[in-house]
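To start, the structure under review is shown below, and the notes come after it.
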């Protein structure tokens, strides 16, 4: 049943950077299913911008591994979704192509950085989308827009073709309106790819099960503390109560390393980003560099003109954190903190099978509300730890506060993505029924 | 505490290019962020290897390369198969 | 004033594919940007994959140099911005190199054995190649075919005491690498050297990017003179990086940004660490130059000098072993002295010479079918044919065609008589006991006979003729 899908969405929330009016598809598990792809995932023949002017006009000569898999299973790639520039943000406001609006409330941000994918789902434009998650970039917009998003275990989905922001933290992951569709999409994209040396051959091939009797749900006090909107905390506690009604038990757990999680996260991700983003020099791709100028002048000029302020701020932060005389105080300490957080989760996940908490401390911000970088960084406090630990984490909608969606986050042991999917599925089936 | 001249030095090291009028704001934001990072001073001990996975290899077998047109397709300007670039000195 | 030299040598490893992608390394005869893929172009989203063979080659070198392989080694990013570096970082090894602490023995300037300590060896990727356009144009051209070629960086302690020692060290290192078959020194640009040089009590100067063996000695000799002159004039040597201008044989200061590098190394997050110490025991080292030299002396009974020359290049040593059965001593002289000289003159490689034909020639020489002098003539004909890409004739055929067969002196009696008759002055000198006279007369006969006769035998015949007065 190969064919062409006509895709002309009413994209009033600016979810897409690029749409493919005639999207070809073939036979397979996702035959004819419209899938939107975040614009930091390379698509052969379709421009891929990372929502940055520095990649204006760049058309990759190759497909990311996940795109190869999607095409093989018949999916129709219908467009590339908006995002924070290079994934650096939690609001999709730093895009060079303008902000995306939240379909649940157009005066609000959709979250980020995979805001376009989440908004396209919430607006009903597509049933499935790919996002990427470095410190919460799938789960945050899923929570803010009221859809489902899974950050897989680090090493479960190939990063080949994902334009790197912070290599040691990020994963491509599935987003959809239901847990079942998230699981279906995950079954397609989580297949071994030897081109990603950080990947393990642990394919995901799972049908979600709502039977969670006996599941031990860890509840970390740190996920309900200072900075978390009490109404959001309350909504999530109700969701945990639903799991208990389904036969799960709760155990208190603790992640003491949370106190330095965010600092460690920002040192590591900006450090890696400062290196990853240095290649955009306008020589091999992107807006042409001025070859009449001297190298350093031309290079600085093209970066200043084509990177937004947040990208330049993070590149500078990362450069500083890795520079001679400071690397020991920042980068080395961040790696130490990361190790402790990983151990905290390992310990907690001996007493519990999954860990539950809110995805975001608040509901979606108003557009333009967060202008101070640090206050925006603080919004990642509940999502970034899973990236530091490399564990799977899913966000599933669990009600509303002020009429805005709240996300329920479930984290699990490494390579137990199936278990967090099942827990989310059980919850979703129960509250939908 | 970083000063405005520190910020200019970091921008130079990062080769990122910032304009004069951005410097005060970047300095203020940097200081707020670095103050938040101070919590890392309390971290003790070194990091251990991430996990046990080592020795991931590829065999020494040639694979097809991209055609030259594809290599040059996204470049700003080319000459006889080469890509033009600003000169260093 | 003591001279102190340490070297950092980058050699391209002779793998079939690049260090982190499957692009072929055999790019030298192809157009620019034809051996590239998303990985070695640093296209967004591409990821490196480590070539197992490069690691094996690195370990082979480590074992041959008696080094300690680190329990865990890892790759790191060295961040700097340069138009030939497509990712704006080089994947290299920083604080966890492949192996540390080795030695290479060389001869010092007095001919004594000495040890140069090897600090470390590590793997890294080669950048692309920049071509500077001549004339007024301000831009450069870049070719990424070389980008990602595996390099082994070998760092020495500052153990060399003269430019000549540095040259001998490099020759020795090159020979070892060629014996290990991990390196092809004939490939253009396959070896590059950064040299640190100081006079005792002065600051150290780094001379970067010397791209030939001869260049290293030249650059260092220039630096020794420059630094000594500075000191003589009462000036101080400043610690700096200098570039070697190969064409002019001088070094120039590389001022500015290049000197303030802060490379911001951190572990490469796209690759896994290496744990390969247990591979080392599995490695069978081939016979190395020192062992082969000793064996040549024992097995073939040849001189230490011949043995050293013949084992200085594994291809030459292999060649010798193919022709030695004819007559080891004769073969040693002919290969090490005559043949090598003729090859150098023609800028030819030993690889182009057919060993079976040379063995035949040695057979003719051994049977005294041809004289040494005629033998050289045959050799030259054969090499000229090889150089022109023609198959070499059999030496016996050349001898026949050119009528170069050795003839006994009696057949030349007519020529001898003519020469004696037409050089009365020489005959007179001979009778007067002047030694040069006989040589002169023999030379004249040789000239007439085009080298077919044995000069010693001719000498006997000429003096007999004069003594007997047979003119």
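Here, each number is a calculation from the coordinates, and none is a lab measurement. Because the structure is a prediction, the values reported are computed rather than measured. Positions of Cβ are backbone-derived with ideal geometry, glycine not excepted, and every protein chain shown enters the neighbour counts.
Computed quantities for the displayed model
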| item | result |
| --- | --- |
| Inter-chain shielding of C:23-29 (mean C-beta neighbours from other protein chains, 10 Å cut-off) | 2 |
| Tilt relative to chain C, helix C:372-387 - C-alpha long axis, 0 to 90 degrees, to 10 | 40 degrees |
| Estimated FRET transfer efficiency (residue C:138, residue A:242; beta-carbon r; R0 51 Å; 0.05) | 0.15 |
| Within 10 Å of each Cβ in A:270-276, the average number of Cβ atoms from other chains | 5 |
| Relative counts (whole %) of C-alpha pair distances in the protein assembly as shown, using bins that are 10 Å wide | 2, 10, 17, 19, 16, 11, 9, 6, 4, 3, 2, 1, 0, 0 |
| Residue mean of other protein chain beta carbons inside 10 Å, A:249-262 | 1 |
| Region C:409-468, relative contact order [Cα under 8 Å, separation at least 6], % | 42 percent |
| Percent antiparallel among DSSP beta bridges (both partners in region A:119-276, rounded to 5) | 60 percent |
| Space enclosed by the convex hull of the alpha-carbon atoms of chain A, per residue, Å³ | 130 Å³ |
| Folded to 0 to 90 degrees: helix C:213-232 orientation relative to chain C principal axis, Cα | 70 degrees |
| Calculated FRET efficiency for the pair residue C:164/residue C:235, C-beta based, R₀ 30 Å, to 0.05 | 0.70 |
| Span from the region A:94-111 Cα centroid across to the region A:363-394 one, whole angstrom | 16 Å |
| Highest to lowest packing among A:281-294, B:32-45, A:66-79, scored as the average C-beta count within 10 Å | A:66-79, A:281-294, B:32-45 |
| More than 26 Å apart - percent of Cα-Cα pairs taken over region C:68-176 | 41 percent |
| Gap separating the Cα centres of region A:129-159 and region A:220-291, nearest whole Å | 11 Å |
| Cα convex hull of region C:3-280 - mean projected area over all directions, nm² | 15.9 nm² |
| Shape box of chain C [Cα atoms, principal axes, largest first, Å] | 93, 55, 52 |
| Sorted by Cβ density within 10 Å, fewest first, the residues A:86, A:16, C:183 | C:183, A:16, A:86 |
| CD proxy at 222 nm, helix term only [per DSSP H run n ≥ 4: -39500 (n - 2.57); per residue of the protein assembly as shown; nearest 500] | -11000 deg cm²/dmol |
| Relative contact order, percent, chain C [alpha-carbon distance under 8 Å, six or more residues apart] | 13 percent |
| Contact order normalised by residue count of region A:301-414, Cα under 8 Å, 6+ apart, percent | 26 percent |
| Label-point separation in nm, residue C:329 to residue C:448, each point 7 Å along Cα→Cβ | 3.4 nm |
| Residue order, fewest to most beta carbons within 10 Å, for A:370, A:38, C:447 | C:447, A:370, A:38 |
| DSSP bridge orientation in chain A - percent antiparallel, rounded to nearest 5 | 70 percent |
| Residue C:109 versus residue C:26: modelled label distance in nm, points set 7 Å from Cα along the beta carbon direction | 4.5 nm |
| Computed label-point distance, nm, for sites residue B:25 and residue C:261 using a 7 Å Cα→Cβ extension | 3.5 nm |
| Sorted largest first, extent of region C:289-401 alpha carbons per principal axis (Å) | 42, 30, 19 |
| Chain B: C-alpha gyration tensor shape, a/c 1.5 cut-off, then a/b vs b/c | oblate |
| Principal-axis tilt of helix C:435-449 within chain C, Cα atoms, nearest 10 degrees | 80 degrees |
| Residues C:334, C:279 arranged by fewest to most Cβ contacts within 10 Å | C:279, C:334 |
